[in-house]
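The values are calculated or read from the model by the stated rules, or taken from the named source; none is laboratory data. If you're wondering where the values come from, they're calculated on a predicted model, not measured in any experiment. Cβ: placed from backbone, ideal geometry, glycine included. Neighbour counts: every protein chain shown. Side chains are part of the model used for accessible areas, which takes the heavy atoms of the whole protein and leaves out ligands, DNA and RNA. Shrake-Rupley method; radii C 1.70, N 1.55, O 1.52, S 1.80 Å.
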Amino acid sequence: MVSRVLAWFGLGLLAAGALLSAAGVGSGSVLTIMLGAGTACVVVAALFSGHTLRSLLRGRAARRGADSLVAILLLSAVLVVIQATSIRHAVQVDLTRNHRHTLSPQTLTLLGTLDRDVTATAFVRQTSITRAGVTELLDLYARRSPRFHYRIVDPDRQPDLAERLHAAPDDIVVEAGDRRYTAHSAGEQSLTTALLGVTRTDIKAVYFVTGHGEKDINNEGREGYSLLRADLEHQGYAPRPLSLIGGGPVPSDASVVVVAGPRDDYLQDEVSALEAYARAGGSLLVMIDPRMALPRLFTLLTPYGLSVVDAVILDEKGVRAGDRSFDATVVKVRRYEKHAITRGFNYVTMFPRARPVLITRDSTMTDVSAQYLCISDATSWGEKDMNSFAVGQASRDGSDLAGPLPLAAVATRTPIAHKDFKKNRMVLVGDSDFVNNVFFGVLGNSDWFENALAFLANDQTMITIRPREALSDHVYLTERQGRLVFLVCIVLLPAISLGTGISVIVKRARL
């Protein structure tokens, strides 16, 4: 009797220890004591009941038990091998409708080319509802590259670390060597941008021409570009001012030269410097606002088959629909032509006081390919009466341009018969205010500008990576369908299980 109680007590300790160990509950020393005590109790019980044990081992039940034990051990061995193989050679299949649990091709390319160890520290509270999502995202990155490591830190439990890394709750700090970048949102776009920021070695210089009333990258006022400058610096670019007055050349390290809304015309030697830069393979991003007559600068557009129209695009659609946030001069663009700049772009962009751009169809320009990028709605028109527009009395009439109208275009010159210049590109936009400090963060404005800049800099990995939209997974049932689901799941299936059990019991009772 004592040996039986001791045996059952030991088995209970072993079972409890195994369950606690599998659940990850309890300290290691406590689990060790439980498992050791359980084993000792079973061994002592076996020694006290030696005669009974020998008789049991000689019986038919013992042989069957031994066969079952061997089968269980073999099955366990097979499961262990399968588990080890799955860990070493894991395969993940994303069956969601928009593959929202799969990283974008740009991110996968970046992870595949990492040449240094990167550590991401996510500061997420233990009780935060976003903790599981952040862990899943970081795990996706770590699976794709052995050089990507991460840790989840509760900023309330480790405030010193959060203060040292200047991190707020829900920030992800990415470090590589002595370089550090903070992603302020837990999404693929922010995390990949941070990863690019700490791993890029080739800092591309972007020059903004000054001296003619252009937008100033150091101006923190409403019309300035200080927010754009800070964002470009975070992405590994080096935005710099550039004065061409005096006939100096464009610096040789320039990846892109930006002409952002000049109010006065350029001098001829400045235009010549920009043309020489383009012929050497440089790229130009030219933004010209309405009501600006810049004949010398306009000659820079001619070799690309581009020009601007002396008109202002207006659209009262948003105002009539009840959108009083902006007036009719703020054009909302929803239509984009297919191009590397706009591939996968699904944001609305807003251009305040934009002018139409035009592609000149000249059959003699065999070395130029051009296409439009952004098109306004059909409800828009191009107001040509600048006097009426200036006093706020513009109205649509027969002399105006009918919409839809293009606001941006891209052109590429490829040397065919000319051996004295290299392939070069230009993006022309009929507005420079869409990325000033007021409009920079509005909808897709900053994304569109940075996509254009990345294309001109031949830096495809910097094209903005956008988070996948989580499609709705709700199922809406009619009243009849709801009743059917209730009857099948709540009534029919349990009744079948209950009936099957009763029939089995009855049949076994008759045997």
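Between segment 260-317 and segment 185-213, the alpha-carbon centres lie 25 Å apart.
Kirkwood-type hydrodynamic radius, segment 180-223: 13.4 Å, calculated from all non-identical alpha-carbon pairs.
Here the Karplus curve 6.51 cos²θ - 1.76 cosθ + 1.60, taken at θ = phi - 60°, turns the phi angles of segment 34-40 into couplings of 5, 5, x, 5, x, 5, 5 Hz, with x standing for Gly and Pro.
Computed with a 1.4 Å probe over protein heavy atoms only, the accessible area of residue 309 comes to about 30 Å².
Lys and Arg at +1, Asp and Glu at -1: add these up for the other residues within a Cβ distance under 9 Å of residue 212 and post the number.
Details: positive: 263; negative: 214, 264, 265, 270.
Within the 9 Å Cβ shell, the charges total -3.
The P(r) of segment 190-260 has a tail past 13 Å containing 67 percent of all C-alpha pairs. Subtracting the Cα-Cα distance of residue 9 and residue 125 from 0.36 nm times their residue separation leaves 37.6 nm of extension gain.
For the peptides 245-253, 264-272, 367-375, 493-501, the ranking by packing is 367-375, 264-272, 245-253, 493-501, with the highest mean count of neighbouring Cβ atoms within 10 Å listed first.
For 181, 141, 150, give me the order by solvent-accessible area with a 1.4 Å probe, most accessible first, ignoring ligands, DNA and RNA.
On the way: 181 40, 141 0, 150 75 Å².
Solvent-accessible surface, decreasing: 150, 181, 141.
For residue 115 and residue 479, a Förster radius of 41 Å and the Cβ-Cβ distance give a FRET efficiency of 0.10, rounded to the nearest 0.05. Summarising the label geometry, the points placed 7 Å from Cα in the beta-carbon direction at residue 397 and residue 147 lie 6.5 nm from one another.
Once the Cβ-Cβ distance between residue 252 and residue 412 is put in as r, and R0 is 25 Å, what FRET efficiency do you end up with, to the nearest 0.05? Before the final figure, lay out the partial values.
Details: r = 22 Å, r/R0 = 0.86.
Calculated value: 0.70.
Largest to smallest in accessible area, the residues 423, 332, 507 fall in the order 507, 423, 332 (1.4 Å probe, all protein chains included). Taking the inverse of the mean reciprocal distance over all distinct Cα pairs, the Kirkwood hydrodynamic radius of segment 406-449 comes to 12.7 Å. Counting only protein heavy atoms and using a 1.4 Å probe, the accessible area of residue 156 comes to about 100 Å².
What pairs from 204/332; 332/384; 332/423 go past 21 Å between their alpha carbons? Write down the numbers at each step before the final one.
Values: 204/332 31 Å; 332/384 19 Å; 332/423 33 Å.
Result: 204/332; 332/423 exceed 21 Å.
Computed over protein heavy atoms with a 1.4 angstrom probe, the accessible surface ordering of 443, 301, largest first, is 443, 301.
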